[in-house]
Amino acid sequence: YGDWSSDVCSSDLNGTVYLASELIDGGTLEDWLTNLGRLPSQVELDRIAEVMLDALTKVHNAGLVHRNVSPDCILIRREDGLPLLTDLGTTTVVTDYITAPLAVRGYSAIEVYSPDETLAGPWTDVYGMGAVLYRAIVGQAPPVATERALTGKMLSVLSAAKKGYRISFLKAIRSEE
């Protein structure tokens, strides 16, 4: 139901951390968007956003920051079409188990590019989710955050969106204005 289900296990033998999750029958959100043959509907995006924001809330309440929210880390389960948050391997765990910052072109907030991991927080994942929804509506990822910060250039989701999307929804994911 859009939950994230991973267990963090430390190993004295290898001095590393493992994240294990169930095998999901489905493809990535990027695959789904590419193969859809049309823009996703408002109803479809509402469902994805609701489930993913709920999953991110659970991640944040567990003291984690995902840091890698992108269409490639969201699976669409074949059985029922529900999205699932994956790829917790790039999370930052408060207890310092994992500290592997990874910038995902177009989906990472500007603070992910800093070596100071304390700059990232739940807002970093909210930015990523907004970028995912931007990609779904515009058809391409937003510009890289560092590039956008330097140039100010970005296609407005409000002007790029076709009919059928709620203005309030579009305004919630815009970050250019």
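The values are calculated or read from the model by the stated rules, or taken from the named source; none is laboratory data. Since we're looking at a predicted model, the values are computed, not measured. In this analysis, Cβ positions are derived from the backbone assuming ideal geometry, glycine residues included, and neighbour counts consider all displayed protein chains. The accessibility values were calculated without ligands, DNA or RNA, using every heavy atom of the protein model including side chains. Shrake-Rupley method; radii C 1.70, N 1.55, O 1.52, S 1.80 Å.
Just need a number here: residues in the stretch 111-140 that are in a helix (DSSP H, G or I) and at pLDDT below 85. Working first, answer last.
Within the stretch 111-140, the first condition is being in a helix (DSSP H, G or I), and the residues that meet it are 111-113, 117-119, 122-138.
Checking which are at pLDDT below 85 leaves us with 112-113, 117-118.
Residues that pass the stated criteria total 4.
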Legend entry - Test set (1) modelled with pLDDT under 85; (2) open to solvent by 10 Å² or more (accessible area, probe 1.4 Å); (3) under 12 Å from the mean Cα position of the chain (by Cα) - Gly106 fails condition number: (2)
Legend entry - All positions within the stretch 125-173 that are open to solvent by less than 80 Å² (accessible area, probe 1.4 Å) and among the charged types (D, E, K, R): Asp125, Arg135, Arg148
Inset, instruction - Name, by its number, the condition in (1) more than 22 Å from Asn61 (Cβ to Cβ); (2) open to solvent by 10 Å² or more (accessible area, probe 1.4 Å); (3) in contact with a Leu (Cβ under 7 Å, 6 or more places away or on another chain) that does not hold for Pro115. - result: (3)
Inset, instruction - For the stretch 63-101, enumerate the residues that are open to solvent by 30 Å² or more (accessible area, probe 1.4 Å) and at pLDDT below 65. - result: Gly89, Val94, Thr95, Asp96, Tyr97, Thr99, Ala100, Pro101
Inset, instruction - Assess whether Leu33 counts as being open to solvent by 10 Å² or more (accessible area, probe 1.4 Å), of a type in the set (A, V, I, L, M) and within 30 Å of Lys163 (Cα to Cα). - result: yes
Legend entry - Which numbered condition Ala161 misses (of (1) closer than 15 Å to Ala49 by Cβ; (2) aliphatic (A, V, I, L, M); (3) within 18 Å of the chain's Cα centre (by Cα)): (3)
